[in-house]
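Can you read through this structure? Questions will come right after.
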């Protein structure tokens, strides 16, 4: 009798959406071979830095994306990782939650889709934490694979303050990092965050000279990437008013946070630009924020198409 109860509970978990801080958001539906997003392996989404799935108890990081994929027969899972932390800690948390998800569903492998920093710490998990045998494909969207000039400029400003005040190297960085950690740790739900290291590890110097030479791609995993691009600044992407031109001068076309050059990894699938008359697809519009309003670009449709292609290629 007890065994039957356990089996019934597991079946309920597999049939209904589940959301919790310990297991992220897991969405599945009954098997239907006619659906276009019924992949061989479930899709695991990886969020970036600064925001995370379920932040403040309600944030849908990939806005309406998982629901669209599930409607087409897919099974999805989005772990909840620290919004601000170093790569290794994020990767360990990601691996732990994915292993629980795979145990629950019986999946042999997963397809990873990572946005922003989610495309970085998942690479680390594959190569450095032994996940290459359980990952079929890795898709990165606007991920700073070669770092970003944004963190570079933050670190440069901190160093300039150190020089002006006569402080030791790292002083301003530590102060700013502690302030950000206090906000994310006490208000936004992170568990022992490390904002300073997160910034350092997103810099172009760290990614190109320390991370990429060590965290090489696994021949067992298929890697592909996409990049969003801003065409001009308008009220809808005013958050990028300073970063977009600054990154543009250093790296060229970008989404307000990551350049197209940096986002290219593995099989580069091209730019996401939106309607010809729109201002483009910026770093947050590419995940459907805010509220899915982007002329010429529909995030749920885009990610559904990505998963459909994974189906056709045997993933």
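Relative to the first principal axis of the alpha-carbon coordinates of the chain, what is the inclination of helix 87-105, with its axis defined by its Cα atoms, in degrees from 0 to 90 and to the nearest 10?
Once rounded, one gets 10 degrees.
To continue, here is another question. If you take the beta carbon distance between residue 163 and residue 108 as r and set R0 to 51 Å, what does 1/(1 + (r/R0)^6) give as a FRET efficiency, to the nearest 0.05? Mind showing how you got there, number by number?
Details: r = 54 Å, r/R0 = 1.06.
That pair, residue 163 with residue 108, gives E of 0.40.
I've got another one for you. Full-extension gain between residue 129 and residue 293, please, as 0.36 nm times their residue separation minus the C-alpha to C-alpha distance.
Numbers: separation 164, 0.36 × 164 = 59.04 nm, distance 3.73 nm.
Fully extending the segment from residue 129 to residue 293 adds 55.3 nm.
Pull out the extension gain between residue 209 and residue 59, defined as 0.36 nm times the separation in residues minus the alpha carbon to alpha carbon distance; nm, one decimal. It would help to have the intermediate numbers written out before the result.
Details: separation 150, 0.36 × 150 = 54.00 nm, distance 3.45 nm.
Result for the pair: 50.6 nm of gain on full extension.
Relative contact order for the chain: what is it in percent, counting Cα pairs under 8 Å that are at least 6 residues apart? Can you show the working numbers first?
Working: 641 pairs, mean separation 62.4, N = 315.
Once divided by the residue count of the chain, the mean separation gives 20 percent.
Using a 7 Å offset from Cα along Cα-Cβ at residue 171, what residues in the range 146-165 end up with backbone N under 18 Å from the label point?
The answer is 155-165, whose backbone nitrogens lie closer than 18 Å to the label point.
Taking only Cα atoms, what is the 0 to 90° angle, nearest 10, from helix 118-128's long axis to the longest principal axis of the chain?
70 degrees
Rounded to whole Å, give me the distance from the Cα center of the range 230-271 to that of the range 78-109.
28 Å
If you build a Gaussian network model of the chain, linking Cα atoms that sit under 10 Å apart, which residue out of 150, 288, 130 swings the most?
Its mean-square fluctuation being the largest, the pick is 130.
Report the gain in length on full extension from residue 178 to residue 242: 0.36 nm times residue separation, minus Cα-Cα distance, nm rounded to one decimal.
Working: separation 64, 0.36 × 64 = 23.04 nm, distance 2.41 nm.
In short, 20.6 nm is gained.
Each value in this text was obtained by applying a stated rule to the coordinates, not by laboratory testing. Here the structure is a predicted model, which means the values were calculated and not measured. Note that we place each Cβ from the backbone using ideal geometry, even for glycine, and neighbour counts take in every protein chain shown.
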